[in-house]
Amino acid sequence: MPRPVVEALLDVIRDWGADRLFTCPGSTEAAVLDALVVRKDVELVLTTHEGVAVSMADGLARVTRRPSVAYLHANVGLTNGLGNLGAAQLAYSPVVVLNGIKASSIQAREGFTTARRMRDLVHQYVKSDWQSLTAEAIPEDVNRAFRTAVTEPAGPVWVALSQDLMESTADVAVPEAAGYRFDTRVGPSPDAVRAAADLLAAAERPVLVAGGELARVGAIDQLVRLCEQLGAPVLHEDRRAFERPGFPTDHPHFRGQYEVGHPLVRRADLLAFLGARVFNEFEPARVAPLPAGVPILHSHTDPRHLGMIYGVDAALVGDQQLTLAALSAALPPAPPREVPPATPLAPRTPSAPGGPLRPADVVDVITDSLRGVPIVGDATTAGGILQQRAHQHTGDDYFVSSSGSLGWGMGAALGIAMGMPNRHVAAVLGDGVFQFGLPALWSAARSGLPVTYVVMNNQGYAAVGAALRRYGGEAVERQ
C-alpha cells in the first residue's frame, strides 16, 4: 500500500528488523525526527557525535549479526563518521548508513554543508554507495541497501537522501522486505575441499589459525570439531588482524596467538589460516611473517583476502561454517594424535612497592575481576597484554576494532550492550581512545546502559613514542 516517503522509509527499516536508528541529527533529518515522535516501532537513539552513532550501530550489528542503521547529517556528519565506518568495514558489519543531504536544488550551487563529490568521500569504506534520485525510489534504494549489507561477505553500505525528497508528501510504494531476505552463503567447490583435506591429512604437525570471521558467522563449533578430529593445536590470528576470538581460550587445544616465532609455528609442517587475514600489515615486515617452506591453507568468506599478499597451497572461498563442515566430512579417519603442550605464560613479577603500576598489573586485575563479562578492548599500547589475558570462550566475549580509529570502543560498547540486554559490558580503553570518544559518555548516561569504562592512562603518545624508538633518529638521541 502506498505510504508517504518518510513513513515508507521507516517501514523498510522496521521490516528488516532494525528497530533502532542511531543519529546526531541536523536540519536535513527533520522529516524523520518528526515521524518518530509518533512511531514507536523504530527507536531514535540520539548521540552528540556522528562517530558515536556509527560505532554504536557497528557494535549492535556485530553482536546481533543483524543490520543496523546510522543516520548522518550532510557532508560534515559523514566525515565525522568515516573513521568508525572503516572499523565496521573491517569487521564485515552490516551497517546501513543513511546520509541526510541538502535539498537537490542547492547541491550544485555549493550550498551550506554540501560537497561536490559525496560518494567519493564514502566509496572506499562501503560495499555500495548510492544517492536516491527521486522520492519514489527511496524505499527501493534503502531496501536494496539492506539486502546488499547482509549479502555475504557482509559489510556497510551508504545511501544519500536529500532533504526535499524526504519531505515530499507524495505516496510511494513500499517493497516487501521478506522477498529480499534469503541465505546468501556459498560453499567451496568439492575439488577445493578435497585438495585442502589432502593437505591436512598428510600433515604430521598442522597448526590451525582461527580468525574473527569464524566468530562472525558462528563457525567456532565447527572449528572445535575439526581441531579435535585432527588432534591439532589452534592459535588466534595475529594481533593486528584480531577483531574477536575465533576459538575459545579455555579449550584444551588452544595454544595462544599467531607469531612467526611461536614454537608451534616454527615446527609446523602445515599452517591452516581459517577465517583469518594473512596478514593485516602494520608496517613493512622486517621479519617474514610466514616460516619458509611451510605449506599454507587459507579459507575466508571474502575472496579478496585469499592470496592478497602471500601465495597459498590450497584456498577455500566460502562461508566458514559450510567450509569447515565440508573439511571435516572430507577427512579420512585417523588415529588420535596428541596435541603439543602449551607454553605457559611468563609469570608476572609484581611492581615494586610504591612504584608506578604497569599495564600488565592493571590488565591482570581487570581480567580476573571480569570473568564472564564481555570486554571491548580498545587500548592500543596495552592491547596485546589484554588479548593474552582476557577469558574468551565465545565470539561474543571480546571485541576489538583492528582499524586504528581512536574512539571506536566508547560507542561500540554501548551498541554491544544494547545487543546483550542481560549482560554487563566492560570497555577497556586507552586514554587516546577515551578522548576521541568522549561524546559517547552523554549517550551512556542518557541510555543507562550497563557499561563500565576503564581507561588506561599512559600519559603520553605511547604508540608514537614506540615508532620513534623503532626509527632510531634524533628523537631517541635527544631523549
(request) Name the shape class, rounded, prolate or oblate, that the alpha-carbon gyration tensor gives for region 334-479, where a ≥ b ≥ c are the square roots of its eigenvalues, rounded holds for a/c under 1.5, and otherwise prolate holds if a/b is larger than b/c and oblate otherwise. (result) oblate
(request) Work out Dmax and Rg for region 262-389 from the C-alpha atoms and quote the Rg first, both in angstrom. (result) 19.3, 60
(message) Taking the Cα of T349, stepping 7 Å toward and past its beta carbon, and measuring to each backbone N in region 360-401: which are under 13 Å?
(response) none
(message) Please compute one quarter of the surface area of the Cα convex hull for region 1-146 and express it in square nanometres.
(response) 8.1 nm²
(message) Please list, ordered by chain and number, the residues whose modelled amide H lies under 5 Å from the amide H of G430; skip anything fewer than 5 residues away on the same chain.
(response) D378, A379, T380, M456
(message) Need one number: nm distance between label points at D198 and T394, each 7 Å from Cα along Cα→Cβ, rounded to one decimal.
(response) 4.0 nm
(request) Using only alpha carbons, build the gyration tensor for the chain and give me the equivalent ellipsoid semi-axes, biggest first, whole Å. (result) 40, 28, 20
(message) From the gyration tensor of the Cα coordinates in region 140-220, what semi-axes in whole Å does the equivalent ellipsoid have, largest first, with each one equal to sqrt(5λ)?
(response) 44, 14, 9
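Find how much the distance from N422 to D364 grows on full extension, using 0.36 nm per residue of separation minus their present alpha carbon separation; answer in nm with one decimal. Before the final figure, lay out the partial values.
Details: separation 58, 0.36 × 58 = 20.88 nm, distance 2.52 nm.
Result for the pair: 18.4 nm of gain on full extension.
Against the 2.2 N^0.38 Å scaling, with N counting residues, where does region 79-188 land? I'd like the Cα-based Rg ratio to two decimal places. Walk me through the numbers on the way to the answer.
Details: Rg = 15.1 Å, N = 110, 2.2 N^0.38 = 13.1 Å.
With N residues counted in region 79-188, Rg over 2.2 N^0.38 Å equals 1.15.
Give the longest segment of the chain that steers clear of trypsin sites (Lys or Arg not before Pro) in DSSP loops with at most 12 neighbouring Cβ atoms within 10 Å, not counting the sites themselves. Walk me through the numbers on the way to the answer.
Details: sites that count: K40, R109, R116, R117, R286, R371, R478.
Longest site-free region, per DSSP loop and neighbour criteria: 118-285.
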(request) Would you calculate the separation in nanometres between label points at S27 and D250, each defined as 7 Å from the Cα along the Cα-to-beta-carbon direction? (result) 5.6 nm
(message) I need two numbers for region 167-211: Rg to one decimal and Dmax as a whole number, Cα atoms only, in Å.
(response) 23.1, 69
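Determine the calculated [θ] at 222 nm for the chain from helices alone, applying -39500 (n - 2.57) to every DSSP H run no shorter than 4 residues and normalising by the residue count; nearest 500 deg cm²/dmol. Could the numbers behind the result be given before it?
Working: 20 runs with 181 residues, N = 479.
So the helix-based figure for the chain works out to -10500 deg cm²/dmol.
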(request) Mind giving me the FRET efficiency for R185 and E228? R0 is 22 Å, r the Cβ-Cβ distance, nearest 0.05 is fine. (result) 0.40
(message) If you roll a 1.4 angstrom probe over the protein chains with everything in place, what fraction of the accessible area of region 37-193 belongs to carbon and sulfur, to the nearest %?
(response) 53 percent
(request) Calculate, axis by axis, the spread of Cα positions in region 367-441 along the three principal axes, and write the results as whole Å, longest axis first. (result) 29, 27, 21
(request) State log₁₀ I(q)/I(0) for region 207-286 at q = 0.15, 0.16, 0.17 Å⁻¹ as given by the Debye formula over alpha-carbon point scatterers of equal weight, solvent excluded. (result) -0.47, -0.53, -0.60
(request) Determine, from the Cβ-Cβ distance of A466 and Y310 and an R0 of 30 Å, the FRET efficiency 1/(1 + (r/R0)^6), rounded to the nearest 0.05. (result) 0.70
(request) Hey, can you grab everything whose amide H is under 5 Å from the amide H of Q131? Only 5+ residues off in sequence or another chain; H modelled, so Pro and N-termini drop out. (result) A160
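Which value in Å is the Kirkwood Rh of region 22-101 over different Cα pairs? It would help to have the intermediate numbers written out before the result.
Details: mean 1/r = 0.0800 Å⁻¹.
Hydrodynamic radius (Kirkwood, Cα pairs) of region 22-101 is 12.5 Å.
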(request) Pop out the ³J(HN,Hα) list for region 459-467 in order, Karplus 6.51 cos²θ - 1.76 cosθ + 1.60 with θ = phi - 60°, rounded to Hz; leave Gly and Pro as x. (result) 6, x, 8, 5, 5, 5, x, 5, 5
(message) Can you work out the Karplus-derived ³J(HN,Hα) for every residue in region 83-98? Use 6.51 cos²θ - 1.76 cosθ + 1.60 with θ = phi - 60°, whole Hz, and x for glycine or proline.
(response) x, 6, 5, x, 5, 5, 5, 4, 8, 6, 8, x, 8, 8, 9, 9
(request) Could you check the simple spin-label distance between K40 and Q435, using points 7 Å along Cα→Cβ, in nm with one decimal? (result) 4.4 nm
(request) Sort F436, F399 from largest to smallest accessible area, using a 1.4 Å probe on the heavy atoms of the protein chains. (result) F436, F399
(message) Would any residue of region 55-79 have its amide N under 20 Å from a label point 7 Å out along Cα→Cβ of D221? List them or say none.
(response) 63-66
(request) Could you list the residues of region 307-327 with an amide nitrogen less than 17 Å from a label point located 7 Å from the Cα of E281 in the Cα-to-C-beta direction? (result) 307-312
(request) Please find the FRET efficiency linking A173 to D302, where r is the Cβ-Cβ separation and R0 is fixed at 41 Å, and quote it to the nearest 0.05. (result) 0.75
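Using alpha-carbon pairs under 8 Å, 6+ residues apart, how would you state the relative contact order of the chain in percent? Walk me through the numbers on the way to the answer.
Details: 993 pairs, mean separation 77.0, N = 479.
Result for the chain is 16 percent.
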(message) Could you give each residue of region 265-278 its phi-based ³J(HN,Hα) in whole Hz, using Karplus coefficients 6.51, -1.76, 1.60 with θ = phi - 60°, and x for Gly or Pro?
(response) 5, 5, 9, 5, 10, 7, 10, 10, 8, 10, x, 10, 8, 10
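The values are calculated or read from the model by the stated rules, or taken from the named source; none is laboratory data. As the structure is a prediction and not an experimental result, all values here were calculated from the model. Reconstructed Cβ throughout: ideal geometry from the backbone, glycine too, with neighbour counts over all protein chains shown. For the accessible areas, the whole protein counts, side chains as well, though only heavy atoms, and no ligand, DNA or RNA atoms are used. Shrake-Rupley method; radii C 1.70, N 1.55, O 1.52, S 1.80 Å.
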